[in-house]
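**Q** What follows is a structure written as C-alpha cells; I'll ask about it next.
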Amino acid sequence: MLTFTIRRLFMAIPTLLFISLIIFLILDLAPSDPTASLPLTIPPEVRAEIRASLGLDEPIHIRFALWLQQFFVNEPLNLIEQWTGLTIGDGDRTRVISWQTRSPVVDIIAQRMPQTLWVVGTAYVVGILIALPIGIYSAYRQYSIFDQAGTFITMVGFSVPPFFSGVLVIVIFAVQLGWFPSVYDTTHVVVDWDSFVVQLKQMILPVMVLALQITSQISRFMRASMLDNLNQDYVRTARAKGLTESVVVMVHVLRNSMIPVVTVIALGVPQVFGGAIITEQVFKVNGLGHLLIGAIQGGDIPTVQTLTFIFAVLIVLFNLIADVLYGILDPRIRYD
Amino acid sequence: MKLRHLMLGAAAAFALAPVAAMAERGSDGQLNIIYWQAPSTLNPYLSGGTKEVESASLVLESMARFDSDGNLVPFMAEDIPTVENGGVAEDLTSITWTLREGLLWSDGTPVTANDAVFTWEYCTHPEGGCAQASYFDGVESVEALDDRTVRVNFAAPKPFPYTAFVGSESPIIQAAQFADCLGAAAPECTEANFGPIGTGPFVVEEFRPNDVITFVANEHYRNPDQPAFARVVFKGGGDAASAARSVLETGEFDYAWNLQIDPTLLAEMEANGIGTVVTAFGTSVERLHLNQFNPDPALGDARSTAEGGPHPFLTNPVIGQAMSMAIDRALLVEIGYGAGGQPTCNVLPAPALYASTANDGCLTQDIAGANALLDEAGIVDSDGDGVREYEGTPLRVLYQTSTNAVRQDTQALIKQWWAEIGIDAELRNIDASVFFGGDPASPDTFQKFYADVEMYTNNFAGVDPEAYMANWRCNEIPGPDTQWQGSNIQRFCSEEYDALVTEMSQTAPLEERGRLAREMNDMLMQSYSIIPLIHRGGVSAHANSLGGVRMSDWDSELWNIAEWYRIDE
Amino acid sequence: MFDTAQRKKLVSVNGLKMYFPIHTGLLRRHTGDVKAVDDVSFDIYEGETLGLVGESGCGKSTCGRAVLRLYDPTAGTIEVDGTDISTTSQSGLRKMRPVMQMVFQDPQASLNPRMSVADIIGEPLREHTKKSKAERLDRIYELMDAVGLNRDFANRYPHEFSGGQRQRIGIARALALNPKFIVCDEPIAALDVSIQAQVVNLLEDLQSELGLTYLFISHDLSMVRHIADRVAVMYLGKVVELAPREGLYDDPKHPYTVALLSAVPEPDPAAHDSANRVILQGDVPSPSNPPQGCNFCTRCPKVMDICKQLDPEFREIEPGRFVACHLYNQ
C-alpha cells in the first residue's frame, strides 16, 4: 500500500504539470481582458498601460514559466519563511499577484478558506450525517412510504438549483419570519456563547441549502449500495446464523455498503474546498467559490489559474485517498 | 461663482440638503453598506472600477468634490480656485490650490503640498499602469509653492481645469506611505493599497479584497463632530436583487448601491416602508450606434474600416431618423429601467447647461411618420418581402449588444418596431467581458463593430463634456492601424464637427462652452449616426433610518458620508 | 429401504405455501402472486437425507429457505424438532437457529467479504453461546479441522480461498452451533466437478459423525442418488413425487420424474444410444400464472382430460411412496 501510494504520488507530478499547462493555455485563449470591467470613461491608452503593467505583453511561454516559478518556488519559500521566521536568500521574490486586487493570490485564498470550510464543510458533514440514516432506512424498507418520501425529497434536492432554493429560504426565513440573517457576515468572530449563536444563525440558511443537495446525492448512493448488499447471499447467511436484525443490517450490510459510499464522500471533499459558487453568491458568504467567479468575471488570470490548479491538486489527491480507502475498507483489493 | 450658478438648474430635481444632525463623532454606532460588487482594492489609481473608487472615497479625499447638483465643494482645499479669485491663471494654463489649514492625515501627520506633487508623480509614472491617468492629461507639472499651496501647470490653456485632484477618482495619497510604491513596484505595496492613509472621515480597520471592509471613524477628521458613525461595514457579494432585499425588506443594511433590477420588483420592495430608493442622473446614455462604414463580412479585414467604404444605407440620415422615430423610449424605460431611466434624445443630456432641447421630438413614438418619411424619400419595399430597399440594398441590419436581460428585452422591442417600418433586424448578444474587452484579436468587441447597429451605455466622468465630445472627431475612428483603439465607435466624420471641438478647447466662458457642446450634440443627433435611447441614472436605496444621503452621479455616491447620521425613531 | 414408520420425525412440513406478491402499475397495486411454493408437504426423519430435486426455477431453493423461515411463508406449518416455527417471530426464531442451519449454493456470495474466516465461523458462537474468546477460538479451530481447513487460514478473507475451500468455510460456519438439521441448498452447484465429490463426501462424513439430518437441494440427479435416502421431486412449486431413493430411481411413477430421470447422462455409450428418452415439449409455465388443473398438464406426455380440470391430490400409493398424478387415482 505504501509503495503504491508513493508511486501514485510521483505519477501525479507530471499529471499536475500538464494540467497547469492546459489551464494556462485555456485561460490564455479565452477572450478575457482584465480591463474590460473598468468604466468606459477610462481611455484605451490607459488600458494599454494597465495591461502592460500586468505583464500581459510578454509572450505566453515567459508568462507560464513565470507563474511556475512563482507558484512552485517562490510561494513555498515564502510560506517557509513565514512559518520559521528565517530569511532564505535575499527574501525578495515576486509572488503570484492577483490582477484585480494587486495582492498575493495565496494570501487571499488563505483569507477565504475559513468561510468556505466553515459553511460548505459544515454543510457537507451535516449532509452526510442526514444522508446515511435516510439511505440505510430507505433501502431497508424499500418502497415504503418513508422510502417514497425520501425519493421525492432527494429528487427535489437534485433538481432544484440553489439560486432558487437559496432565495426561497431567504424569502421565508429572513424576510417573512425574520429568524435568520440573509447576509453572511464574514468578519464575525466567535468569542463566547452569544457570538456562537450568531454564527450558528447566519450559517443555518446556507448550510441548509447546500446540505439538501449533498443529502440528496449521498443518500441515493447509500440507498443503492445498501440495496445491492441487502440481496446478497451473505446477508441470508447472517440471518441464518440467528443474528439480530440490527446486527445483520448495521454490521453485515452497512459495512459492505459503506465501501463505495466512503469513496464517493472522499471524492466530494475537493468540492468542499472549491466552495459553492452559487450558494456563496446568494448568501454573500465570500468564500473560494465567490473568489473564483469574481476572478473569472474580472479577467484575473493569475487568481483563476492558481485556484483551479489548487483544485486540480486536491482532486488528484483525494482520488488517491479514495483509492487507498478502498484498499483499507475492502480486503479483496490489494495494491502491490 | 459662475460655475456654481450655472449648475443650479439641475438642483431642482433634488431635495435640499437635510439639516445636519448635531451629533458627536461616533455617536450613531455602525453603518452597514452593501455593494454587491465588492471592492478589490482601496487604491483607486490601481483600479478604475466604480466600486473601488467609491469605497476609497471614505478614506481618500481630493481638493474638491462635486455635490449632488454637480457643484464643486471644497474638501481638502480652502476654496475653489477661479479666474475671478486668481486661483486660475488668466491664460488658463495653471490652477493653484490652497490646502486647508491644519489638515492632518489619519495617522496624525500634516498634509503638505508635497503629497499632491507625489500623487501626480505616482499616477503619471510610465510603468505604474495608473487607471486614472486621464485626470492628469495635459498636466505639464505639479509644483509645491509652499507647504499648503499646489500649482498645477498645463501644457496648453485648459478652459476647464478641475480635473487633477478633483473628484473621487483623483484623490491625494500620502507621499510617506506610497514613497516606495512608484511604477512597477505599485502592486507590491499590498498593505498600502489595502489600507491607504487619507484625510477622509473614516480609517480602514480591515480590508478583505472582494469581500468586506470595516472602517472606523478618523479621529483626526477636520470636522470634530463628524462622522456621526463610529464604524462602517462595507460588505460585498451577491447580486443587485439580494442587495436591494437586504435594505428594503430585511433591513440588515442601511445603504445599497447600483440596484439595476426589474423596476416593478424594486417598487414592490420599497412598498415595505423600511427603506427608500434614490436615484441620481449623471451623463450615462444608453444609445444605438449606427455604423457609418460597411461591416459586410465579404469585405474580410476591411469591414468597418475606411478601406471598406461607407455603409450602403445607414449613412443616409433619413433612414436613421425613421429608425429613431419608430422607438417608444418611454416604454423601454418602463420595462427595463423604472426610476433609473428617463427617455432622452441627446447623447449629452446633462449637466443642464449642455443639454440641448432641439431634438425632443423623438420622445414620442411615430411609426406612421417614420413610414411616411421613408416612403417620401423613395425608400420602399419594391419586391414585397416586407423589407424596404435603399438603392437596391434591402434594409437588413445586424444589431448587437452585450449580454444582459434588459438589453435583450430592448433589442426585441426595437426589432419589432423596426419591422413595422420595413427594417429587418437580426439580433446578437455578446458576453460583456468580450464585447467591452478590447482584445484586438477578437472580432466581437464593440470597437471593431462588425455589425450595423450596436447598443451600450457610455458616459463621462465629472461635469465637463469637452473630452467626451472630442470622442467623435474623425481621427478617433478605430481601425487596424490603431489596434482598434479610438472612441468614435460609429465612425462619424465631419470637418465641421472637428472644428467645433477645436473651438471648444480654446473657449473658457461657460455659456459659450455650453453653446458649443449643444451644437456638437445636435450635429451628432441630426446625422442620426447615434440614436440616444435612455438617460440612465444610478439607483441606490437607503434605510429610512439613515439621514443625510445626497446621492450624486457626478462624484462618488458616498461623497458626503461624513454628514450621514442615524435618524432616531 | 428404511422402515420409516419407526423413526422419529425431525422436520414436518405441511401445506407450505410461499407466494411472492406482484405489484404493477403506477400505484404498485397488488395484481397477482408468484407461487414459488404451492402447497408442499413432507417429513424428514432424524438422521436421514431428503433430496429435493427439480428444474431450476421450480421453487426448491425457496422451499428450502422457507423451511428455515428465511422467508415468511404465506401458509402452512413447519415443525422442526417438535416446535412449530411457521409463525414464530424473528426474535423467537433466533433461539431456534442453533438447531437448524443452511449451507448455501454460492460459497463466494454467501460469505461476507469483509470478515475473516475466524469471524465468519465465530460470529454465531458469539451470538448464541457464552464462550470466552479463547474457547471460541478453540471451537473455530476444531471446526476448521473437521471440515479439512488449515488452521493457519483463520485470519484470511473469503476471497483468498478457492471455491471448494469457501464451501468448507460455509459448512464449518453452519456446524458451529451443533445443529441437528441442515438445509444444503445446491451446495455443490457452483463447484468444479472434481471438488464436488470432496464436498459431498465431507457432508456424508459429517452426517455419520454428528448424526445430522439434511435437506439436500439439487438439480443433479446422480448426486442426489448418491447422498439421499429419500427423494422429493418438485415441479412448478409442487412436490409431484416423494419416494425412497431406490424406488424412485428404479421405478419412477410420475411422468415428470420419468422424463427427468431419462435426461440423466448415461456414462455407457451403448446404453446412451438405446436409452428411451422422454423429451418434454414446450416451456415451464410461469409460476405467476400456472395452468388450470395439474401443473404438468401442459407438457405431460400422458395427459388426460381430467388433468386439465382437476389438480391431482398428493397421495400415498404405496407405503412410503407419494405421487400427485391422476394416472394413479383410479
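The values are calculated or read from the model by the stated rules, or taken from the named source; none is laboratory data. As the structure is a computational prediction, the values presented were derived from the model and not from experiment. So basically every Cβ, Gly included, is an ideal-geometry build from the backbone, and we count neighbours across all protein chains shown. With ligands, DNA and RNA removed, areas are computed over all heavy atoms of the protein, side chains included. Shrake-Rupley method; radii C 1.70, N 1.55, O 1.52, S 1.80 Å.
**Q** Going from most exposed to least, what order do A:H188, B:H289 have by accessible area with a 1.4 Å probe? Write out the running numbers ahead of the final one.
**A** On the way: A:H188 50, B:H289 0 Å².
Descending accessible area places them as A:H188, B:H289.
**Q** Just how many % of Cα pairs in segment C:126-192 lie over 14 Å apart, if you round to the nearest whole percent? Provide the component values of the computation, followed by the final result.
**A** Numbers: 1373 of 2211 pairs.
The calculated P(r) of segment C:126-192 puts 62 percent of pairs beyond 14 Å.
**Q** Residue by residue through segment C:26-39, what is 3J(HN,Hα) from phi via Karplus (6.51 cos²θ - 1.76 cosθ + 1.60, θ = phi - 60°)? Round to whole Hz and write x for glycine and proline.
**A** 4, 8, 6, 6, 6, 10, x, 9, 8, 8, 5, 10, 10, 6
**Q** So, one more: Under a straight-distance cross-link criterion of Cα-Cα below 16 Å, which lysines are reachable from C:K95, leaving out those fewer than 8 residues away in the same chain?
**A** A:K241, C:K130, C:K180
**Q** List the residues, sorted by chain then number, that are 5 or more residues from C:I22 or on another chain and whose placed amide H is less than 5 Å from its amide H.
**A** C:T31, C:G32, C:D33, C:V34
**Q** For B:T109 and B:L331, compute 0.36 nm times the residue count separating them, minus their Cα-Cα distance, and round to one decimal in nm.
**A** Details: separation 222, 0.36 × 222 = 79.92 nm, distance 5.55 nm.
Here the answer is 74.4 nm.
**Q** In Å², and per residue, what accessible area does the protein assembly as shown have when probed at 1.4 Å with the other protein chains present? Before the final figure, lay out the partial values.
**A** On the way: 50550 Å² over 1235 residues.
Here the per-residue accessible area is 41 Å².
**Q** Using per-residue counts of other Cβ atoms within 10 Å, averaged over each peptide, order A:66-77, C:106-117, A:220-231 from highest down. Please report the intermediate quantities before stating the final value.
**A** Details: A:66-77: 15.8, C:106-117: 21.5, A:220-231: 19.9.
Answer by packing, highest mean first, reads C:106-117, A:220-231, A:66-77.
**Q** Here is a follow-up. Explain nothing, just compute: Karplus ³J(HN,Hα) = 6.51 cos²θ - 1.76 cosθ + 1.60, θ = phi - 60°, for every residue of segment C:103-108 in order, whole Hz, x for Gly and Pro.
**A** Once rounded to whole Hz, the list reads 10, 8, 5, 9, x, 6.
**Q** How would you order C:143-153, B:350-360 from highest to lowest mean count of nearby Cβ atoms within 10 Å? Could the numbers behind the result be given before it?
**A** On the way: C:143-153: 16.2, B:350-360: 18.5.
Highest mean packing first, the order is B:350-360, C:143-153.
**Q** Then there's this: If you check each cysteine of the protein assembly as shown for another cysteine whose beta-carbon is under 4.7 Å away, which ones come up empty?
**A** Singleton cysteines: C:C58, C:C63, C:C184, C:C300, C:C325.
**Q** Still on this structure, please answer the following. Could you give the angle, 0 to 90 degrees to the nearest 10, between helix A:44-53's Cα long axis and the longest principal axis of the Cα atoms of chain A?
**A** Between the helix axis and the principal axis of chain A, the angle is about 70 degrees.
**Q** Other chains' Cβ within 10 Å of A:176-183 residues: what's the mean?
**A** Details: counts 2, 0, 3, 0, 1, 3, 8, 12.
Averaged over the peptide's residues, the number is 4.
**Q** For Cα pairs less than 8 Å apart in space and 6+ apart in sequence, what is the mean separation divided by the residue count of chain C, i.e. the relative contact order in percent? Working shown, then result.
**A** Numbers: 591 pairs, mean separation 64.4, N = 330.
20 percent.
**Q** Set the Förster radius R0 to 60 Å, insert the Cβ-Cβ distance between C:Y328 and A:A149 as r into 1/(1 + (r/R0)^6), and round the FRET efficiency to 0.05.
**A** Details: r = 56 Å, r/R0 = 0.93.
It comes to 0.60.
**Q** Taking just the C-alpha trace of segment A:2-84, give me its Rg and Dmax in Å.
**A** Computed over the Cα atoms of segment A:2-84, radius of gyration and Dmax are 18.1, 60 Å.
**Q** To continue, here is another question. Considering only the other residues whose Cβ falls under 11 Å of the Cβ of B:I421, what net charge follows from Lys and Arg at +1 and Asp and Glu at -1?
**A** Details: positive: B:R388; negative: B:D366, B:D375, B:D381, B:E420, B:D424.
Its environment carries a net charge of -4.
**Q** Next question. Evaluate the distance, in nm, between pseudo-label points positioned 7 Å from the Cα of A:L29 and of A:V160 along their respective Cα→Cβ axes.
**A** So the two model labels end up 4.0 nm from each other.
**Q** On to the next question. If you put +1 on each Lys and Arg Cβ and -1 on each Asp and Glu Cβ, how big is the dipole of chain A around its Cα centre, in Debye rounded to 20? Don't skip to the answer; put the middle values down first.
**A** Values: 20 positive and 23 negative charges, 252 e Å.
Here the size comes out at about 1200 debye.
**Q** Could you give the spread of the C-alpha atoms of segment A:108-329 along their three principal axes, from largest to smallest, in whole angstroms?
**A** 62, 42, 36
**Q** Would you mind checking which residues have amide H under 5 Å from C:C184's amide H? H placed 1.01 Å from N; only 5 or more apart, or other chain.
**A** Here the answer is C:V103, C:L215, C:F216, C:I217, since their amide H atoms fall under 5 Å of that of C:C184.
**Q** Compute the semi-axes of the equivalent ellipsoid of chain C, taking the square root of 5 times each eigenvalue of the Cα gyration tensor, and list them largest first in whole Å. Intermediate results must be reported in sequence, preceding the final value.
**A** Working: eigenvalues 248, 111, 76 Å².
The equivalent ellipsoid of chain C has semi-axes of 35, 24, 20 Å.
**Q** Restricting the calculation to Cα positions, tell me the Rg (one decimal) and the Dmax (whole number) of the protein assembly as shown in Å.
**A** 43.8, 140
**Q** Could you tell me how many degrees, from 0 to 90 and to the nearest 10, lie between the Cα long axis of helix C:193-210 and the main elongation axis, the longest principal axis, of the Cα atoms of chain C?
**A** Helix C:193-210 sits roughly 70 degrees off the main axis of chain C.
**Q** Sort B:92-105, A:152-165 for me by packing, meaning the mean count of neighbouring Cβ atoms within 10 Å per residue, highest on top.
**A** Working: B:92-105: 18.9, A:152-165: 15.3.
Taking the mean over residues of other Cβ atoms within 10 Å, the ranking is B:92-105, A:152-165.
**Q** Something else about it: Taking the Cα atoms of segment A:83-233, what is the range of coordinates along each of the three principal axes, in descending order and whole Å?
**A** 68, 47, 33
**Q** If you restrict to DSSP beta bridges whose two residues both lie in chain C, what percentage is antiparallel, to the nearest 5? Don't skip to the end; give the middle numbers.
**A** On the way: 31 of 49 bridges.
Antiparallel bridges: around 65 percent, rounded to the nearest 5.
**Q** Something else about it: With the contact rule set at Cα under 8 Å and sequence spacing of 6 or more, what percent relative contact order holds for chain B? Could you put the intermediate results ahead of the total?
**A** Working: 1278 pairs, mean separation 114.8, N = 569.
Answer for chain B is 20 percent.
**Q** Pull up all non-local amide H partners of C:L10: gap of 5 or more, or a different chain, and H-to-H distance under 5 Å with H placed in the peptide plane.
**A** So C:L10 has HN proximity to C:I44, C:Y45, C:E46.
**Q** Rounding to the nearest 10 and keeping the result within 0 to 90°, find how far the Cα-based axis of helix A:301-329 lies from the longest principal axis of chain A.
**A** 30 degrees
**Q** What FRET efficiency comes out for B:D301 versus B:A184 if R0 is 41 angstrom and r is the Cβ-Cβ distance? Round to the nearest 0.05. The partial results should precede the final answer.
**A** Working: r = 35 Å, r/R0 = 0.86.
For B:D301 and B:A184, the calculated efficiency is 0.70.
**Q** Ok, one more. What percent do you get for the relative contact order of chain A when only Cα pairs under 8 Å and 6+ apart count? Walk me through the intermediate numbers first.
**A** Numbers: 350 pairs, mean separation 90.5, N = 336.
Relative contact order, chain A: 27 percent.
**Q** Kindly work out what percent of the DSSP beta bridges joining two residues of chain B are antiparallel, to the nearest 5. Mind showing how you got there, number by number?
**A** Details: 56 of 75 bridges.
So the antiparallel bridges amount to about 75 percent of the total.
**Q** Moving on to the next point. Go through segment A:235-244 residue by residue and turn each phi into a ³J(HN,Hα) via Karplus (6.51, -1.76, 1.60, θ = phi - 60°); whole Hz please, and just put x for glycine and proline.
**A** Karplus-based 3J(HN,Hα) across segment A:235-244 equals 5, 5, 4, 4, 5, 4, 5, x, 6, 5 Hz.
**Q** Which value, in Å² and to the nearest 10, is the accessible area of B:E188 when all protein chains are kept and the probe is 1.4 Å?
**A** So the heavy atoms of B:E188 present about 110 Å² to solvent.
**Q** Sticking with this one: When you have a sec, figure out the Kirkwood radius of chain B from all distinct Cα pair distances and drop it here in Å to one decimal?
**A** Values: mean 1/r = 0.0399 Å⁻¹.
Evaluated over chain B, this radius sits at 25.1 Å.
**Q** Right, another one. For segment C:61-91 and segment B:369-418, what is the separation of their C-alpha centers, rounded to whole Å?
**A** 85 Å
**Q** Could you please state, rounded to a whole Å, how far the C-alpha centre of segment B:272-293 is from the C-alpha centre of segment B:489-543?
**A** 17 Å
**Q** Determine the distance separating the Cα centre of segment C:276-314 from the Cα centre of segment A:263-306; give it in Å without decimals.
**A** With segment C:276-314 and segment A:263-306 each reduced to a Cα centre, they are spaced 69 Å.
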